[in-house]
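First comes the structure, then the notes that go with it.
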Amino acid sequence: MKYYSLNGNAPHVDFAHAAVEGQAPDKGLYFPEYIPQIDPALIKNISDYSNAEIAFQVIRPYIGGMIPDERLMQIAKETVDFDIPLVQVNEKISSLELFYGPTLAFKDVGARFMSRCLSELVKKSDKEITVLVATSGDTGGAVANGFFDVPGINVLILYPSGKVSPVQEMQLTALGKNIKALEVKGNFDDCQSLVKQAFMDKDINQSVFLTSANSINIARWLPQQFYYCFAYKQWKDKEHPPVICVPSGNFGNLCAGVIAHCSGLPVDHFIAACNVNDSVARYFVSGIFNARETIATYSNAMDVGNPSNFPRLVEMMKQKNISISADTITDDETVKTIQKVYHQYNYLLDPHGAVAYAALEKYLEKNPGKKGIFLETAHPVKFPDVIESSLGIKVPVPESLGSLLQQQKQSILINNSFHELKAFLLNH
Ligand SMILES: *Cc1c(COP(=O)(O)O)cnc(C)c1O
(Lines give C-alpha, C1' and ligand atoms only; values in the text may rest on other atoms or scores of the structure.)
Protein backbone atom coordinates (compact mmCIF):
# COMPACT_ATOMS: atom_id res chain seq x y z
CA MET A 1 0.00 0.00 0.00
CA LYS A 2 1.32 3.41 -0.99
CA TYR A 3 -0.03 6.88 -0.23
CA TYR A 4 -0.13 9.85 -2.58
CA SER A 5 -0.53 13.54 -1.85
CA LEU A 6 -3.88 15.08 -2.68
CA ASN A 7 -1.96 18.12 -3.92
CA GLY A 8 -0.52 15.79 -6.58
CA ASN A 9 3.05 17.02 -6.43
CA ALA A 10 4.93 14.65 -4.12
CA PRO A 11 6.36 11.12 -4.32
CA HIS A 12 4.15 8.18 -3.32
CA VAL A 13 5.25 6.82 0.05
CA ASP A 14 4.60 3.83 2.31
CA PHE A 15 2.71 3.83 5.61
CA ALA A 16 5.83 4.43 7.70
CA HIS A 17 6.78 7.53 5.73
CA ALA A 18 3.29 8.93 5.64
CA ALA A 19 2.78 8.37 9.38
CA VAL A 20 6.13 9.77 10.44
CA GLU A 21 5.98 12.78 8.10
CA GLY A 22 2.32 13.56 8.74
CA GLN A 23 1.92 15.76 5.70
CA ALA A 24 3.35 15.36 2.19
CA PRO A 25 6.23 17.65 1.15
CA ASP A 26 3.86 19.54 -1.19
CA LYS A 27 1.69 20.23 1.92
CA GLY A 28 -1.05 17.92 0.66
CA LEU A 29 -2.89 15.31 2.68
CA TYR A 30 -1.84 11.70 2.16
CA PHE A 31 -4.47 9.41 0.69
CA PRO A 32 -4.26 5.64 0.00
CA GLU A 33 -3.57 4.69 -3.65
CA TYR A 34 -6.53 2.34 -3.49
CA ILE A 35 -9.25 1.78 -0.93
CA PRO A 36 -8.98 -1.81 0.32
CA GLN A 37 -12.17 -3.83 0.61
CA ILE A 38 -13.13 -5.35 3.94
CA ASP A 39 -13.58 -9.14 3.68
CA PRO A 40 -17.33 -9.63 2.98
CA ALA A 41 -17.32 -12.59 5.37
CA LEU A 42 -16.28 -10.24 8.16
CA ILE A 43 -19.13 -7.88 7.41
CA LYS A 44 -21.63 -10.71 7.12
CA ASN A 45 -20.60 -12.34 10.40
CA ILE A 46 -19.38 -9.24 12.18
CA SER A 47 -21.09 -10.15 15.47
CA ASP A 48 -18.81 -13.19 15.74
CA TYR A 49 -15.63 -11.08 15.79
CA SER A 50 -14.02 -9.31 18.72
CA ASN A 51 -13.47 -5.56 18.41
CA ALA A 52 -9.70 -6.11 18.34
CA GLU A 53 -10.02 -8.65 15.51
CA ILE A 54 -12.23 -6.26 13.50
CA ALA A 55 -9.78 -3.39 14.06
CA PHE A 56 -6.84 -5.56 13.01
CA GLN A 57 -8.52 -6.78 9.82
CA VAL A 58 -9.72 -3.32 8.80
CA ILE A 59 -6.35 -1.60 9.31
CA ARG A 60 -4.00 -4.35 8.14
CA PRO A 61 -4.04 -3.54 4.38
CA TYR A 62 -3.21 0.12 5.12
CA ILE A 63 -0.03 -0.81 7.02
CA GLY A 64 1.48 -2.60 4.01
CA GLY A 65 3.58 -4.88 6.20
CA MET A 66 5.44 -2.01 7.88
CA ILE A 67 4.48 -3.37 11.31
CA PRO A 68 4.57 -7.16 11.91
CA ASP A 69 1.10 -8.74 12.22
CA GLU A 70 1.66 -9.90 15.76
CA ARG A 71 2.62 -6.39 16.94
CA LEU A 72 -0.20 -4.84 14.90
CA MET A 73 -2.72 -7.14 16.56
CA GLN A 74 -1.41 -6.07 19.96
CA ILE A 75 -1.69 -2.38 18.94
CA ALA A 76 -5.25 -2.97 17.71
CA LYS A 77 -6.13 -4.62 21.02
CA GLU A 78 -4.70 -1.78 23.11
CA THR A 79 -6.36 0.84 20.90
CA VAL A 80 -9.88 -0.46 21.48
CA ASP A 81 -9.64 -1.94 24.96
CA PHE A 82 -12.56 0.09 26.31
CA ASP A 83 -16.33 -0.12 25.81
CA ILE A 84 -17.85 1.46 22.70
CA PRO A 85 -21.55 0.69 23.27
CA LEU A 86 -24.44 1.49 20.96
CA VAL A 87 -27.20 2.75 23.25
CA GLN A 88 -30.78 3.14 22.12
CA VAL A 89 -32.15 6.60 22.99
CA ASN A 90 -35.58 6.21 21.41
CA GLU A 91 -37.30 4.12 18.78
CA LYS A 92 -35.41 5.67 15.89
CA ILE A 93 -32.20 7.02 17.33
CA SER A 94 -29.22 5.28 18.92
CA SER A 95 -26.06 6.79 20.39
CA LEU A 96 -22.63 5.35 19.72
CA GLU A 97 -20.86 6.25 22.95
CA LEU A 98 -17.25 7.02 22.19
CA PHE A 99 -16.25 8.48 25.54
CA TYR A 100 -14.98 5.54 27.58
CA GLY A 101 -11.33 6.04 26.64
CA PRO A 102 -8.77 7.56 29.03
CA THR A 103 -9.53 11.20 28.04
CA LEU A 104 -13.28 10.71 27.66
CA ALA A 105 -13.57 11.55 23.94
CA PHE A 106 -13.41 9.62 20.68
CA LYS A 107 -9.98 10.98 19.85
CA ASP A 108 -8.45 8.40 22.18
CA VAL A 109 -8.92 5.75 19.50
CA GLY A 110 -6.91 7.59 16.84
CA ALA A 111 -4.33 8.90 19.30
CA ARG A 112 -3.70 5.53 20.93
CA PHE A 113 -3.25 3.85 17.59
CA MET A 114 -1.02 6.57 16.23
CA SER A 115 1.25 6.81 19.28
CA ARG A 116 1.84 3.08 19.32
CA CYS A 117 2.54 2.96 15.58
CA LEU A 118 4.96 5.88 15.73
CA SER A 119 6.90 4.48 18.66
CA GLU A 120 7.14 1.18 16.76
CA LEU A 121 8.26 2.93 13.57
CA VAL A 122 10.90 5.15 15.19
CA LYS A 123 12.34 2.35 17.31
CA LYS A 124 14.60 1.36 14.44
CA SER A 125 16.07 4.84 14.02
CA ASP A 126 17.73 7.04 16.61
CA LYS A 127 15.70 10.06 15.49
CA GLU A 128 13.95 12.14 18.12
CA ILE A 129 10.51 13.12 16.89
CA THR A 130 8.54 16.15 17.98
CA VAL A 131 4.82 15.72 17.60
CA LEU A 132 3.39 19.17 16.99
CA VAL A 133 -0.36 19.46 17.35
CA ALA A 134 -3.02 22.14 17.48
CA THR A 135 -6.10 21.33 19.53
CA SER A 136 -9.56 22.80 19.84
CA GLY A 137 -9.94 20.81 23.04
CA ASP A 138 -9.91 17.03 22.85
CA THR A 139 -7.07 16.19 20.48
CA GLY A 140 -4.47 17.61 22.84
CA GLY A 141 -5.49 15.46 25.78
CA ALA A 142 -5.79 12.31 23.71
CA VAL A 143 -2.41 12.85 22.07
CA ALA A 144 -0.77 13.74 25.38
CA ASN A 145 -2.19 10.61 26.96
CA GLY A 146 -1.23 8.41 24.01
CA PHE A 147 2.38 9.62 23.84
CA PHE A 148 3.06 10.18 27.54
CA ASP A 149 6.50 8.87 28.48
CA VAL A 150 7.09 7.26 25.06
CA PRO A 151 10.87 7.25 24.49
CA GLY A 152 12.15 9.20 21.48
CA ILE A 153 9.00 11.29 21.18
CA ASN A 154 8.34 14.82 22.42
CA VAL A 155 4.91 16.38 22.19
CA LEU A 156 4.15 20.08 21.80
CA ILE A 157 0.48 21.04 22.01
CA LEU A 158 -0.92 24.44 20.98
CA TYR A 159 -4.31 25.31 22.40
CA PRO A 160 -6.43 28.47 22.33
CA SER A 161 -6.23 30.29 25.66
CA GLY A 162 -9.54 30.44 27.53
CA LYS A 163 -11.36 28.42 24.86
CA VAL A 164 -11.07 24.92 26.27
CA SER A 165 -12.94 23.52 29.25
CA PRO A 166 -11.21 22.88 32.63
CA VAL A 167 -11.16 19.11 32.13
CA GLN A 168 -9.76 19.51 28.63
CA GLU A 169 -7.11 21.94 29.82
CA MET A 170 -5.92 19.69 32.63
CA GLN A 171 -5.76 16.69 30.32
CA LEU A 172 -3.30 18.48 28.08
CA THR A 173 -1.29 20.52 30.58
CA ALA A 174 -0.96 18.42 33.73
CA LEU A 175 1.13 15.48 32.51
CA GLY A 176 4.59 17.06 32.17
CA LYS A 177 7.63 14.93 31.20
CA ASN A 178 7.75 14.71 27.37
CA ILE A 179 4.47 16.65 26.97
CA LYS A 180 4.58 20.48 26.68
CA ALA A 181 1.63 22.80 26.17
CA LEU A 182 1.64 26.28 24.65
CA GLU A 183 -1.39 28.36 25.50
CA VAL A 184 -1.94 30.66 22.52
CA LYS A 185 -3.70 34.03 22.77
CA GLY A 186 -5.96 33.29 19.82
CA ASN A 187 -8.49 30.76 18.55
CA PHE A 188 -8.13 27.22 17.20
CA ASP A 189 -7.60 28.33 13.61
CA ASP A 190 -4.74 30.54 14.82
CA CYS A 191 -3.18 27.50 16.52
CA GLN A 192 -3.66 25.40 13.41
CA SER A 193 -2.15 28.10 11.24
CA LEU A 194 0.92 28.39 13.53
CA VAL A 195 1.40 24.64 13.28
CA LYS A 196 1.15 24.77 9.49
CA GLN A 197 3.76 27.55 9.34
CA ALA A 198 6.11 25.53 11.54
CA PHE A 199 5.87 22.60 9.14
CA MET A 200 6.88 24.89 6.28
CA ASP A 201 9.74 26.66 8.06
CA LYS A 202 13.22 25.73 6.81
CA ASP A 203 15.10 26.60 10.03
CA ILE A 204 12.76 24.60 12.20
CA ASN A 205 12.84 21.60 9.89
CA GLN A 206 16.62 21.63 9.85
CA SER A 207 16.92 21.31 13.59
CA VAL A 208 13.75 19.54 14.73
CA PHE A 209 12.05 16.50 13.19
CA LEU A 210 8.39 17.45 13.27
CA THR A 211 5.33 15.34 12.73
CA SER A 212 1.67 16.09 13.16
CA ALA A 213 -0.84 14.29 15.34
CA ASN A 214 -3.91 15.98 13.93
CA SER A 215 -6.26 13.92 11.83
CA ILE A 216 -4.28 14.96 8.76
CA ASN A 217 -1.92 12.17 9.90
CA ILE A 218 -3.10 8.86 8.40
CA ALA A 219 -2.07 6.97 11.54
CA ARG A 220 -4.61 8.99 13.47
CA TRP A 221 -7.21 9.32 10.77
CA LEU A 222 -7.55 5.74 9.52
CA PRO A 223 -8.16 3.92 12.86
CA GLN A 224 -11.24 6.07 13.36
CA GLN A 225 -12.93 3.64 10.96
CA PHE A 226 -12.99 1.03 13.71
CA TYR A 227 -15.93 2.33 15.67
CA TYR A 228 -18.14 2.65 12.60
CA CYS A 229 -17.62 -1.11 12.24
CA PHE A 230 -18.42 -1.60 15.94
CA ALA A 231 -21.62 0.41 15.42
CA TYR A 232 -22.65 -1.89 12.60
CA LYS A 233 -21.71 -4.92 14.69
CA GLN A 234 -24.25 -3.80 17.31
CA TRP A 235 -26.90 -2.66 14.79
CA LYS A 236 -29.76 -5.16 14.97
CA ASP A 237 -31.54 -4.59 11.65
CA LYS A 238 -28.73 -5.59 9.26
CA GLU A 239 -31.23 -5.58 6.34
CA HIS A 240 -31.63 -1.83 6.80
CA PRO A 241 -28.27 -0.20 7.52
CA PRO A 242 -28.23 2.92 9.69
CA VAL A 243 -28.12 6.58 8.80
CA ILE A 244 -24.98 7.83 10.59
CA CYS A 245 -24.67 11.38 11.85
CA VAL A 246 -21.22 12.70 12.77
CA PRO A 247 -20.62 15.92 14.72
CA SER A 248 -17.91 17.47 12.57
CA GLY A 249 -15.17 20.05 12.97
CA ASN A 250 -12.00 19.14 11.11
CA PHE A 251 -13.90 16.34 9.32
CA GLY A 252 -11.43 13.58 10.17
CA ASN A 253 -14.08 11.53 11.91
CA LEU A 254 -16.64 11.81 9.13
CA CYS A 255 -14.00 11.03 6.48
CA ALA A 256 -13.06 7.89 8.43
CA GLY A 257 -16.69 6.74 8.34
CA VAL A 258 -16.88 7.46 4.63
CA ILE A 259 -13.71 5.52 3.85
CA ALA A 260 -15.03 2.55 5.87
CA HIS A 261 -18.19 2.75 3.77
CA CYS A 262 -16.10 2.90 0.57
CA SER A 263 -14.44 -0.30 1.87
CA GLY A 264 -17.78 -2.06 2.04
CA LEU A 265 -19.27 -1.17 5.41
CA PRO A 266 -23.07 -0.83 4.96
CA VAL A 267 -24.32 2.70 5.76
CA ASP A 268 -27.60 4.12 4.46
CA HIS A 269 -26.61 7.78 4.53
CA PHE A 270 -24.08 10.08 6.21
CA ILE A 271 -24.91 13.40 7.83
CA ALA A 272 -22.20 15.91 8.67
CA ALA A 273 -23.56 17.84 11.64
CA CYS A 274 -21.90 21.23 12.08
CA ASN A 275 -22.33 24.05 14.53
CA VAL A 276 -22.35 27.53 12.97
CA ASN A 277 -18.79 26.89 11.74
CA ASP A 278 -20.31 25.29 8.68
CA SER A 279 -18.02 25.87 5.67
CA VAL A 280 -18.68 22.31 4.50
CA ALA A 281 -22.44 22.45 5.04
CA ARG A 282 -22.55 25.62 2.95
CA TYR A 283 -20.43 23.88 0.31
CA PHE A 284 -23.02 21.08 0.05
CA VAL A 285 -25.66 23.68 -0.74
CA SER A 286 -23.71 26.05 -3.00
CA GLY A 287 -20.90 23.90 -4.41
CA ILE A 288 -18.47 26.59 -3.32
CA PHE A 289 -16.00 26.12 -0.47
CA ASN A 290 -15.23 29.23 1.55
CA ALA A 291 -13.20 29.00 4.73
CA ARG A 292 -14.38 31.44 7.38
CA GLU A 293 -13.17 32.91 10.64
CA THR A 294 -13.94 30.61 13.55
CA ILE A 295 -16.92 31.45 15.73
CA ALA A 296 -16.84 30.23 19.35
CA THR A 297 -19.73 27.88 20.22
CA TYR A 298 -20.75 25.45 22.98
CA SER A 299 -19.43 22.55 20.89
CA ASN A 300 -15.91 23.96 20.98
CA ALA A 301 -14.14 20.95 19.48
CA MET A 302 -16.05 21.69 16.27
CA ASP A 303 -15.13 25.37 16.10
CA VAL A 304 -13.17 25.01 12.89
CA GLY A 305 -13.57 27.54 10.09
CA ASN A 306 -11.22 25.80 7.68
CA PRO A 307 -11.50 22.02 8.11
CA SER A 308 -8.25 20.21 7.22
CA ASN A 309 -9.79 16.99 6.00
CA PHE A 310 -12.09 18.56 3.43
CA PRO A 311 -9.87 17.51 0.46
CA ARG A 312 -10.20 13.87 1.56
CA LEU A 313 -13.96 14.13 1.50
CA VAL A 314 -13.88 15.66 -1.97
CA GLU A 315 -11.57 12.87 -3.16
CA MET A 316 -13.88 10.12 -1.90
CA MET A 317 -16.93 11.80 -3.38
CA LYS A 318 -15.06 11.80 -6.69
CA GLN A 319 -14.27 8.09 -6.40
CA LYS A 320 -17.69 6.88 -5.25
CA ASN A 321 -21.25 8.09 -5.22
CA ILE A 322 -21.78 8.69 -1.51
CA SER A 323 -25.13 9.47 0.03
CA ILE A 324 -24.27 12.39 2.27
CA SER A 325 -25.80 15.63 3.49
CA ALA A 326 -24.91 18.28 6.03
CA ASP A 327 -26.74 20.46 8.50
CA THR A 328 -26.04 23.45 10.73
CA ILE A 329 -27.17 23.51 14.36
CA THR A 330 -27.01 26.71 16.41
CA ASP A 331 -26.10 27.00 20.10
CA ASP A 332 -29.74 27.70 20.85
CA GLU A 333 -30.81 24.46 19.17
CA THR A 334 -27.97 22.64 20.95
CA VAL A 335 -29.27 23.71 24.36
CA LYS A 336 -32.89 22.89 23.46
CA THR A 337 -31.79 19.45 22.27
CA ILE A 338 -29.85 18.76 25.50
CA GLN A 339 -32.98 19.72 27.48
CA LYS A 340 -35.44 17.79 25.35
CA VAL A 341 -33.43 14.57 25.21
CA TYR A 342 -32.73 14.68 28.94
CA HIS A 343 -36.35 15.27 29.94
CA GLN A 344 -38.02 13.10 27.31
CA TYR A 345 -35.60 10.14 27.14
CA ASN A 346 -33.53 10.55 30.30
CA TYR A 347 -30.38 10.65 28.18
CA LEU A 348 -27.59 13.13 28.90
CA LEU A 349 -25.97 14.55 25.76
CA ASP A 350 -22.78 16.56 25.57
CA PRO A 351 -22.96 19.63 23.29
CA HIS A 352 -21.23 17.82 20.37
CA GLY A 353 -23.52 14.83 20.60
CA ALA A 354 -26.44 17.26 20.85
CA VAL A 355 -25.50 18.89 17.55
CA ALA A 356 -25.44 15.47 15.93
CA TYR A 357 -28.66 14.33 17.59
CA ALA A 358 -30.49 17.45 16.38
CA ALA A 359 -29.26 17.04 12.80
CA LEU A 360 -30.16 13.34 12.78
CA GLU A 361 -33.62 13.95 14.19
CA LYS A 362 -34.32 16.57 11.51
CA TYR A 363 -33.18 14.20 8.78
CA LEU A 364 -35.28 11.30 10.08
CA GLU A 365 -38.36 13.51 10.25
CA LYS A 366 -37.96 14.22 6.54
CA ASN A 367 -37.17 10.58 5.77
CA PRO A 368 -39.74 8.52 7.63
CA GLY A 369 -39.03 4.81 7.90
CA LYS A 370 -35.29 5.27 8.40
CA LYS A 371 -33.37 4.85 11.66
CA GLY A 372 -30.03 6.18 12.65
CA ILE A 373 -27.02 6.47 14.88
CA PHE A 374 -25.31 9.63 16.07
CA LEU A 375 -21.79 9.63 17.42
CA GLU A 376 -21.64 10.81 21.03
CA THR A 377 -18.06 11.99 20.79
CA ALA A 378 -17.33 13.18 24.33
CA HIS A 379 -18.45 12.66 27.91
CA PRO A 380 -20.73 15.50 29.13
CA VAL A 381 -18.40 16.09 32.10
CA LYS A 382 -15.95 17.71 29.67
CA PHE A 383 -18.49 20.52 29.16
CA PRO A 384 -20.06 21.03 32.60
CA ASP A 385 -20.95 24.73 32.10
CA VAL A 386 -23.29 24.11 29.17
CA ILE A 387 -24.92 21.12 30.86
CA GLU A 388 -25.36 22.93 34.18
CA SER A 389 -26.82 26.04 32.60
CA SER A 390 -29.10 24.01 30.31
CA LEU A 391 -30.38 21.50 32.85
CA GLY A 392 -29.56 22.92 36.27
CA ILE A 393 -27.78 19.71 37.23
CA LYS A 394 -24.19 18.87 38.08
CA VAL A 395 -22.66 16.28 35.80
CA PRO A 396 -21.50 13.31 37.89
CA VAL A 397 -17.71 13.06 37.60
CA PRO A 398 -16.69 9.60 36.40
CA GLU A 399 -14.27 7.77 38.66
CA SER A 400 -11.75 7.44 35.84
CA LEU A 401 -11.15 11.20 35.99
CA GLY A 402 -9.66 10.74 39.46
CA SER A 403 -7.80 13.73 40.86
CA LEU A 404 -7.21 15.37 37.47
CA LEU A 405 -8.86 18.66 38.34
CA GLN A 406 -6.70 19.04 41.46
CA GLN A 407 -3.48 18.80 39.50
CA GLN A 408 -1.16 21.60 38.51
CA LYS A 409 -1.57 23.21 35.11
CA GLN A 410 1.78 23.48 33.31
CA SER A 411 1.57 25.64 30.23
CA ILE A 412 3.45 28.48 28.58
CA LEU A 413 1.43 31.46 27.41
CA ILE A 414 2.42 32.83 23.98
CA ASN A 415 1.00 35.42 21.62
CA ASN A 416 -0.52 34.41 18.32
CA SER A 417 2.91 34.86 16.80
CA PHE A 418 4.86 32.46 14.65
CA HIS A 419 8.03 34.14 15.79
CA GLU A 420 7.35 33.07 19.39
CA LEU A 421 6.52 29.50 18.40
CA LYS A 422 9.66 29.28 16.30
CA ALA A 423 11.84 30.58 19.13
CA PHE A 424 10.32 27.97 21.44
CA LEU A 425 10.88 25.11 19.01
CA LEU A 426 14.48 26.10 18.31
CA ASN A 427 15.34 26.53 21.99
CA HIS A 428 13.78 23.41 23.46
C1 LIG B 1 -12.68 16.64 17.63
C2 LIG B 1 -14.08 16.53 18.06
C3 LIG B 1 -15.13 16.59 17.13
C4 LIG B 1 -14.89 16.87 15.68
O5 LIG B 1 -14.23 15.80 15.03
P6 LIG B 1 -13.49 16.07 13.64
O7 LIG B 1 -12.84 14.79 13.31
O8 LIG B 1 -12.51 17.18 13.88
O9 LIG B 1 -14.54 16.46 12.67
C10 LIG B 1 -16.41 16.39 17.59
N11 LIG B 1 -16.67 16.18 18.90
C12 LIG B 1 -15.69 16.13 19.82
C13 LIG B 1 -16.05 15.93 21.23
C14 LIG B 1 -14.37 16.30 19.44
O15 LIG B 1 -13.40 16.25 20.36
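The values are calculated or read from the model by the stated rules, or taken from the named source; none is laboratory data. Just so it is clear, the structure is predicted and the values come from calculations on it, not from any experiment. Glycine gets a Cβ as well: all are built from the backbone with ideal geometry, and neighbour counts include every protein chain shown. Heads up: the accessible areas ignore ligands, DNA and RNA and are worked out on the full protein's heavy atoms, side chains in. Shrake-Rupley method; radii C 1.70, N 1.55, O 1.52, S 1.80 Å.
Selection of segment 274-288 for residues being away from the ligand (no atom under 11 Å from the Cβ) and assigned to a loop (DSSP other than H, G, I, E, B) yields Val276, Asp278, Gly287, Ile288. Of all residues in segment 158-171, those that are open to solvent by less than 10 Å² (accessible area, probe 1.4 Å) and touching a Lys or Arg at 6+ places or on another chain (Cβ under 9 Å) total 3. Per the listing Ile329, Ile324, the residue uniquely under 26 Å from Ala260 (Cα atoms), of a type in the set (Val, Ile, Thr) and either away from the ligand (no atom under 16 Å from the Cβ) or touching a Phe, Trp or Tyr at 6+ places or on another chain (Cβ under 7 Å) (or both) is Ile324.
Yes/no matrix, rows are residues, columns are (1) outside any loop (DSSP other than H, G, I, E, B); (2) of a type outside the set (A, V, I, L, M, F, W, C); (3) without any contact (Cβ under 8 Å) to a residue 24 or more places away in the chain:
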residue	(1), (2), (3)
Asn290	no, yes, yes
Val304	no, no, no
Pro307	no, yes, no
Lys318	yes, yes, yes
Ile322	no, no, no
Thr334	yes, yes, no
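Close contacts from segment 382-396, counting a first residue that is farther than 22 Å from Ala142 by Cβ and a second that is of a type in the set (Asp, Glu), with Cβ to Cβ under 8 Å and a gap of 6+ residues or different chains, come to Lys394/Glu388. So which residues in segment 296-308 are buried (at least 24 other Cβ atoms within 10 Å of the Cβ) and within 16 Å of the chain's Cα centre (by Cα), if there are any at all? Scanning segment 296-308 gives Ser299, Asn300, Ala301, Met302, Val304, Pro307. In a residue-by-residue description of segment 347-368, the property of being within 16 Å of the ligand (Cβ to nearest atom), open to solvent by 30 Å² or more (accessible area, probe 1.4 Å), of a type in the set (A, V, I, L, M, F, W, C) and within 22 Å of the chain's Cα centre (by Cα) applies to at least one position. Restricting the search to strands (runs of 3 or more DSSP E) fully inside segment 11-99 and requiring at least 2 residues that are open to solvent by 10 Å² or more (accessible area, probe 1.4 Å) gives 86-88, 93-97. Within segment 100-113, being over 19 Å from Cys229 (Cα atoms) and open to solvent by less than 10 Å² (accessible area, probe 1.4 Å) holds for Thr103, Leu104. Scanning segment 235-270 for residues that are open to solvent by less than 20 Å² (accessible area, probe 1.4 Å), assigned to a loop (DSSP other than H, G, I, E, B) and either of a type in the set (A, V, I, L, M) or within 16 Å of the ligand (Cβ to nearest atom) (or both) returns Ser248, Gly249, Phe251, Leu265, Val267.
Taking the conditions (1) of a type in the set (Phe, Trp, Tyr); (2) within 12 Å of the ligand (Cβ to nearest atom); (3) not in a helix (DSSP H, G or I) in turn, Trp221 satisfies each one other than (3).
When Lys382, Lys371 are screened for being more than 30 Å from Tyr34 (Cβ to Cβ), open to solvent by 30 Å² or more (accessible area, probe 1.4 Å) and either modelled with pLDDT of 95 or more or not hydrophobic (A, V, I, L, M, F, W, C) (or both), only Lys371 passes.
Yes/no matrix, rows are residues, columns are (1) in contact (Cβ under 8 Å) with a residue 60 or more places away in the chain; (2) in contact with a strand residue (DSSP E or B) (Cβ under 8 Å, 6 or more places away or on another chain):
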{"position": "Ile338", "(1), (2)": "no, no"}
{"position": "Ala359", "(1), (2)": "yes, yes"}
{"position": "Gly369", "(1), (2)": "no, no"}
{"position": "Lys409", "(1), (2)": "yes, no"}
{"position": "Asn416", "(1), (2)": "yes, yes"}
{"position": "Phe424", "(1), (2)": "yes, yes"}
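Restricting attention to segment 317-325, does a residue exist that is open to solvent by less than 30 Å² (accessible area, probe 1.4 Å) and among the basic types (Lys, Arg)? No - not one qualifying residue is present in segment 317-325. Of the conditions (1) at pLDDT 95 or above; (2) touching a Pro at 6+ places or on another chain (Cβ under 7 Å), Val280 fails just one. Which one is it? Going through the list (1) at pLDDT 95 or above; (2) touching a Pro at 6+ places or on another chain (Cβ under 7 Å), Val280 breaks only (1). Considering segment 130-157, the residues that are touching a helix residue (DSSP H, G or I) at 6+ places or on another chain (Cβ under 6 Å) and surrounded by fewer than 24 Cβ atoms within 10 Å (Cβ to Cβ) include one that is farthest from Pro380 (Cα to Cα), namely Gly152. Cβ-Cβ distances below 8 Å connect the following pairs, each with a first residue in segment 45-60 that is in contact (Cβ under 8 Å) with a residue 24 or more places away in the chain, a second residue that is open to solvent by 40 Å² or more (accessible area, probe 1.4 Å) and among the aliphatic types (A, V, I, L, M), and a separation of six or more residues or different chains: Ala52/Met73. So, Tyr232, is that one within 14 Å of the ligand (Cβ to nearest atom) and either farther than 27 Å from Tyr283 by Cβ or in contact with a helix residue (DSSP H, G or I) (Cβ under 7 Å, 6 or more places away or on another chain) (or both) or not? The answer is no for Tyr232.
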